[in-house]
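K.L.:
A single structure is presented below for examination.
The values are calculated or read from the model by the stated rules, or taken from the named source; none is laboratory data. Everything numeric in this text was worked out from a predicted model, so none of it was measured. Note that each Cβ is placed from the backbone with ideal geometry, even for glycine, and that neighbours are counted across all protein chains shown. The protein model used for the area step is the full one, side chains on, heavy atoms only, and it has no ligands, DNA or RNA in it. Shrake-Rupley method; radii C 1.70, N 1.55, O 1.52, S 1.80 Å.
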Amino acid sequence: METADFMPSEADIANIRKDIETYEAARASAVRQVRWRVPLFVGLVLVSVVLVAWLFNKVADPNEQWFSTPHVFLYLVGFAASILLYFRAVRPATRLRQSFRETLVPIVFGFIRDMRYQHDVTPNSFDRLPRETVGGFTMSRFDDIISGRYDGFPFELYEADLWDGAATTNRATTFKGVIVAFETVEPFPGILVAARRATAVMGFFRGLFTARMQALSSGVPELDAAYEFRTDNIEAARPLVTGRLAQALKWLGETWPDDPARIALNGSDGFLLLPQTKNFFELPDISVPLDYTRHVAPMISDMGAMLATAALVRKIGAKDEAG
């Protein structure tokens, strides 16, 4: 499909521009609020900390002026309070951006039928995602979640951040990007995953998952170097891994070259995972004027491209190309 197939009509674009004008008026007001709220809220904390620290000096040892144990504790409390009050100070801007996004999303994605938008909740399909696709993780966070019907099939698309919270040094991210869950054309009799090869940090295919899954290869050297193919039904998986799945991954490698895309099949559920650090549906900072061409149109194009890709991937297990 062409990008034009996803773009709103001229009438819809005119309505979006009117909404942007309304948002811009509210944004200017929110910016003015934040400009006085941040220095006021944080400044009150700093003044209070300095005043109390000065009072501590009256009873502190002369050699511990400003750096006694009570002083240090006070500074830590003041630092924590400053952070809390900062986020409270910018709350008008945060609320405005989220409210506008909830209004904007159903309009700009008019090519999605029965669309539903959610934020910061666990997607319904996530429990059905084979864990071998993303490796071991203990913590998860989900940002924007969009569900509906595209090209006749139901889907759920969400931004996910999965990481191992037990990491002792740096946070070990196992996946960050967009996950598209969809109904496959033909159910796969079991689980089949194509995920990036394991690293020591990711702790891939660990625990009980490894025991129940068998490895196989696509026969394409560059794919086998980048991916691990695992399944609990090797006879059903082999023709897919050496056929349509390999073709899809080669095409995805050209479309999403930065980090290998991942694919998982679990019965009638299909999953396309697109690693990406970019927040696809984030509005610009509250200090930046919102522009349809710069900020909204690329969002529509990205969504259309991801759903068109999912529409192709869902045909991997189909008995014929028509699906």
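K.L.:
Can you tell me the orientation of helix 69-89 relative to the chain, as the angle in degrees between its alpha-carbon axis and the longest Cα principal axis, to the nearest 10?
P.N.:
Relative to the chain, helix 69-89 is tipped by roughly 60 degrees.
K.L.:
Further, regarding this structure: Just tell me which lysines come within less than 30 Å, Cα to Cα, of Lys315; anything on the same chain fewer than 8 places away is out.
P.N.:
Lys176, Lys250, Lys278
K.L.:
How large is ³J(HN,Hα) for each residue in region 287-300, as worked out from phi by the Karplus curve 6.51 cos²θ - 1.76 cosθ + 1.60 (θ = phi - 60°), to whole Hz, x for Gly and Pro?
P.N.:
With coefficients 6.51, -1.76 and 1.60, one gets 7, 9, x, 7, 10, 4, 5, 7, 10, 8, 4, x, 4, 5 Hz.
K.L.:
Right, next: Rounded, prolate or oblate: pick one for region 53-189, where a ≥ b ≥ c are the square roots of the eigenvalues of its C-alpha gyration tensor, a/c under 1.5 means rounded, and failing that, prolate if a/b is larger than b/c, else oblate.
P.N.:
oblate
K.L.:
Would you please classify the overall shape of region 22-129 from the alpha carbon gyration tensor, given that a ≥ b ≥ c denote the square roots of the eigenvalues, rounded means a/c under 1.5, and beyond that prolate means a/b larger than b/c while oblate covers the rest?
P.N.:
Note, shape of region 22-129 comes out oblate.
K.L.:
Using a probe of 1.4 angstrom, how much of the accessible area of the chain is carbon and sulfur, in percent?
P.N.:
The C+S portion of the solvent-accessible surface of the chain is 56 percent.
K.L.:
Sort the following peptides by mean Cβ neighbour count (other Cβ atoms within 10 Å, averaged over residues), highest first: 140-149, 240-249.
P.N.:
Packing proxy ranking, top to bottom: 240-249, 140-149.
K.L.:
For a quick check of your reading of the filter: which chymotrypsin sites (Phe, Trp or Tyr not before Pro) in region 65-122 sit in a DSSP loop and have no more than 15 other Cβ atoms within 10 Å?
P.N.:
Trp66, Phe67
K.L.:
Here is a further query. Tell me, which longest segment in the chain has none of the GluC sites (Glu not before Pro) that fall in DSSP loops with at most 13 further Cβ atoms within 10 Å?
P.N.:
Looking at the chain, 3-320 is the longest stretch - no exposed GluC sites (Glu not before Pro) with at most 13 other Cβ atoms within 10 Å.
K.L.:
Under the classification rounded if a/c is under 1.5, otherwise prolate if a/b is larger than b/c and oblate if not, where does the chain fall, given a ≥ b ≥ c as square roots of the Cα gyration tensor eigenvalues?
P.N.:
oblate
K.L.:
DSSP loop trypsin sites (Lys or Arg not before Pro) in region 28-62 with at most 15 other Cβ atoms within 10 Å of their Cβ, which ones?
P.N.:
Qualifying residues, ordered by number: Lys58.
K.L.:
Considering only protein heavy atoms, what is the solvent-accessible area of Ile316 at a probe of 1.4 Å, reported in Å² to the nearest 10?
P.N.:
10
K.L.:
Using the Karplus curve 6.51 cos²θ - 1.76 cosθ + 1.60 with θ = phi - 60°, what ³J(HN,Hα) values do you get for each residue of region 172-178, in whole Hz, with x for Gly and Pro?
P.N.:
Coupling constants for region 172-178: 9, 7, 9, 7, 9, x, 10 Hz.
K.L.:
Go ahead and estimate [θ] at 222 nm for the chain from helices alone: -39,500 (n - 2.57) per DSSP H run with n ≥ 4, summed, over the residue count, rounded to 500.
P.N.:
That comes out to -14000 deg cm²/dmol.
K.L.:
So how tilted is helix 91-108 from the main axis of the chain? Cα-based, degrees 0 to 90, rounded to 10.
P.N.:
20
K.L.:
Using only Cα atoms, find the angle between the long axis of helix 244-255 and the longest principal axis of the chain, and express it within 0 to 90 degrees, rounded to the nearest 10.
P.N.:
Once rounded, one gets 40 degrees.
K.L.:
Kindly report the accessible area of the chain per residue (heavy atoms of protein chains, probe 1.4 Å, no ligands, DNA or RNA), in Å².
P.N.:
52
K.L.:
Another question about this same structure. Using +1 on the beta carbon of Lys and Arg, -1 on that of Asp and Glu, and nothing else charged, what's the dipole of the chain about the Cα centre, debye to 20?
P.N.:
Dipole about the Cα centre, nearest 20: 880 debye.
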